[in-house]
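So that we are looking at the same thing, I have put the structure below in structure tokens.
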Amino acid sequence: MAAITCESVTKTFKETPVLHDITMEVEENTIFGVLGPDGSGKTTLLRLLTGLLKPTSGSLHLFDTDVSKDTVHALQGVGCLVGEPAFYRNFTAEENLHLFADLLGADADEVVQSCGITFQNTLVKYLTYTQKKQLAIATALLGNPRLLLLDEPVSNLDAAVRSQVKNLLQSEAEKETTIFFTTSNLHDIKDLAAHALILKEGEPTACGPVKTLDLNTLEVNT
Amino acid sequence: MNLLNLLKFEIKKLFKQKIAYIALTLAILLSIIHFLLNFVNRPADAYSGFNVLLDNLQIHTVVLFTLPIIAILMAVWSVSEEFSTGTIRTLMTKPVKRENIIVSKLLALLLYMCFVSYTIMGVSFLLGLRWGYGEGVISFVPSLLLMYFEYILGTMVLVAFTFVVASFTTNTVVTALISLGFHRVFLVLEFFTQVQKFTFSYHVSNSVQLLMARSIDFRQAYQSLAVVLIYILAFLLLASTLWDRRDITT
């Protein structure tokens, strides 16, 4: 069964096309990367997959469930990080995690350990960007999801944390979690992804196994 | 993911905010000031009994004017803050029904408003017992609890309306001003006999007056309660429909 299916997905904002005719399929237990420069529609695609946006035309399915028609069912067992990490500022990192863990009936302590979170007692408003992103990834991992939808999970992170997050994603993939992530960095695709979709100005320019794609000809933020 | 989990989630968030305690403190202070003014200006012969009790319990001033403002501001914070900080995105990417988010926010605010209102009532009551009320006051307590609850339900109409406004705009100030304006418009409409029966605020006042009269016409009381509940449900339905169709772009 495909973890993600997009069929002719188009999204326009006030008649401005942001994504045009995206068709792709992501198999289970794989790491799939979407590569493209800023403004290429990567985050919009992720927002569509998580039901935050409705497609102008076309359909998106997560494990055979139409996201637009039944978002709640489609997001069962799916961990998400979309856009900039956002948390409740007056709560500590751990309180935020527990807040969402209680909501999902998941164990927060487990992800605190696996994500190497050492700032659990710090209020979110005092966290650095890297720490917020780590916390967002930890939140996405709550409840052992079978699919992770991650928007630029390793972008703008400190070098050490960047490598730690990459290792974490690889170990999640080994546990048969499907990972779908976006990036504007070619190295992330080379390091992590088995399959990739290349987006440029909202249009897919290439899609397939990373080994078969001519990534060196791409002009993105390498 | 059930509504109860979401309700717990909303309550934890609500009671973690400074604004929740600032509003409570403000309401208590106003209630004490109002009591002191009533006590200082008390009529020589008439300072006992049910009417005085009502005056001192601020049914007409603190409750009538302060609670709606607190309810609207808390509702604005509850929704607009989530949109402006992006936390709504974090929440909505969990398997949660959007209508359940709205309902849980309304229920959390209902509990909060009960907490604020009955705290005001408790403070006033203690002050009154010490410095003012005559004998037999305790027998009015059930009626008072119901009166306050009628006002709390009235504020829930404003909360639900604020959710509708928040589905159009993420601007906190605009949302608050529109909701406060809506409340004022209904207070004005109450004066026109042709339309007053269609306003929720008239039915809130009507229910309270029935309880004050202590000879309750249950048919009228139920009618008024039904009108207030219809308002709440209608606005909730509208808000959840609008939220469901809305693109979350924050």
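If I go through the stretch B:211-249 residue by residue, how many of them are in contact with a Leu (Cβ under 8 Å, 6 or more places away or on another chain), part of a loop (DSSP other than H, G, I, E, B) and not polar (S, T, N, Q)?
4
Can you pull out every residue in the stretch B:9-19 that is part of a helix (DSSP H, G or I) and either facing chain A (nearest Cβ under 7 Å) or crowded, with 18+ Cβ neighbours inside 10 Å (or both)?
B:PHE9, B:GLU10, B:LYS12, B:LYS13, B:LEU14, listed by residue number.
If you don't mind, another one. Name the residues in the stretch B:168-216 that are of a type in the set (Val, Ile, Thr), within 30 Å of B:ILE248 (Cβ to Cβ) and at pLDDT below 85, would you?
B:THR169, B:THR170
Restricting the first residue to the stretch A:42-53 and requiring it to be under 12 Å from A:LYS11 (Cα atoms) and within 7 Å of chain B (Cβ to nearest Cβ), which pairs with a second residue that is among the charged types (D, E, K, R) and part of a helix (DSSP H, G or I) meet a Cβ separation below 8 Å and a spacing of at least six or different chains?
From the stretch A:42-53, the pairs are A:LEU53/A:ARG47.
Would the stretch A:173-182 turn up any residue that is touching an Asp or Glu at 6+ places or on another chain (Cβ under 6 Å) and away from chain B (no Cβ under 14 Å)?
Taking every residue of the stretch A:173-182 in turn, at least one turns out to be touching an Asp or Glu at 6+ places or on another chain (Cβ under 6 Å) and away from chain B (no Cβ under 14 Å).
Okay, next question. Checking the condition on the phi < 0 side of the Ramachandran plot, more than 12 Å from chain B (Cβ to nearest Cβ) and charged (D, E, K, R), which residue from A:GLU152, A:GLU110, A:GLU95, A:GLU84 passes?
The conditions single out A:GLU110.
Hey, another quick one. Say we look at the stretch A:7-41 and pick out the residues that are within 15 Å of the chain's Cα centre (by Cα) and part of a strand (DSSP E or B); which of these is farthest from the other protein chains (Cβ to nearest Cβ)?
Checked the stretch A:7-41; the qualifying residue farthest from the other protein chains (Cβ to nearest Cβ) is A:LEU35.
Which count do you get for residues in the stretch A:54-83 that are assigned to a strand (DSSP E or B), over 14 Å from A:THR178 (Cβ atoms) and in contact (Cβ under 8 Å) with a residue 24 or more places away in the chain?
The number of residues fulfilling the criteria is 5.
Matching residues to (1) within 11 Å of the chain's Cα centre (by Cα); (2) at the interface with chain A (Cβ under 8 Å from one of its Cβ atoms); (3) small (Gly, Ala, Ser):
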{"residue": "B:THR85", "(1), (2), (3)": "no, yes, no"}
{"residue": "B:THR90", "(1), (2), (3)": "no, yes, no"}
{"residue": "B:GLU99", "(1), (2), (3)": "no, no, no"}
{"residue": "B:LEU106", "(1), (2), (3)": "yes, no, no"}
{"residue": "B:CYS114", "(1), (2), (3)": "yes, no, no"}
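Also, I was wondering about something else. Output the number of the condition that A:ASN96 fails; it satisfies all remaining conditions of (1) of a type outside the set (Phe, Trp, Tyr); (2) surrounded by fewer than 20 Cβ atoms within 10 Å (Cβ to Cβ); (3) assigned to a helix (DSSP H, G or I); (4) touching a Ser or Thr at 6+ places or on another chain (Cβ under 8 Å).
In the conditions (1) of a type outside the set (Phe, Trp, Tyr); (2) surrounded by fewer than 20 Cβ atoms within 10 Å (Cβ to Cβ); (3) assigned to a helix (DSSP H, G or I); (4) touching a Ser or Thr at 6+ places or on another chain (Cβ under 8 Å), A:ASN96 misses (2) alone.
When you look at A:ASP102, is it outside any loop (DSSP other than H, G, I, E, B), at pLDDT below 95 and more than 14 Å from chain B (Cβ to nearest Cβ), yes or no?
no
Just checking, does the stretch B:33-42 include any residue being part of a helix (DSSP H, G or I) and either within 30 Å of B:THR249 (Cβ to Cβ) or at pLDDT 80 or above (or both)? Lay out the reasoning, then the answer.
Initially, the stretch B:33-42 is screened for residues part of a helix (DSSP H, G or I), giving B:33-40.
In the following step, the residues that additionally are either within 30 Å of B:THR249 (Cβ to Cβ) or at pLDDT 80 or above (or both) were identified as B:33.
The answer is yes, given that some residue of the stretch B:33-42 is part of a helix (DSSP H, G or I) and either within 30 Å of B:THR249 (Cβ to Cβ) or at pLDDT 80 or above (or both).
Right, next: Within 12 Å of another protein chain (Cβ to nearest Cβ), under 18 Å from B:MET92 (Cβ atoms), in contact with a helix residue (DSSP H, G or I) (Cβ under 9 Å, 6 or more places away or on another chain) and modelled with pLDDT of 95 or more: does that describe A:LEU62?
Yes; evaluated as a whole, the condition is true for this residue.
The values are calculated or read from the model by the stated rules, or taken from the named source; none is laboratory data. All values derive from a computational prediction rather than experimental measurement. Here the Cβ is made from the backbone with ideal geometry for all residues, glycine too, and neighbour counts use every protein chain on show.
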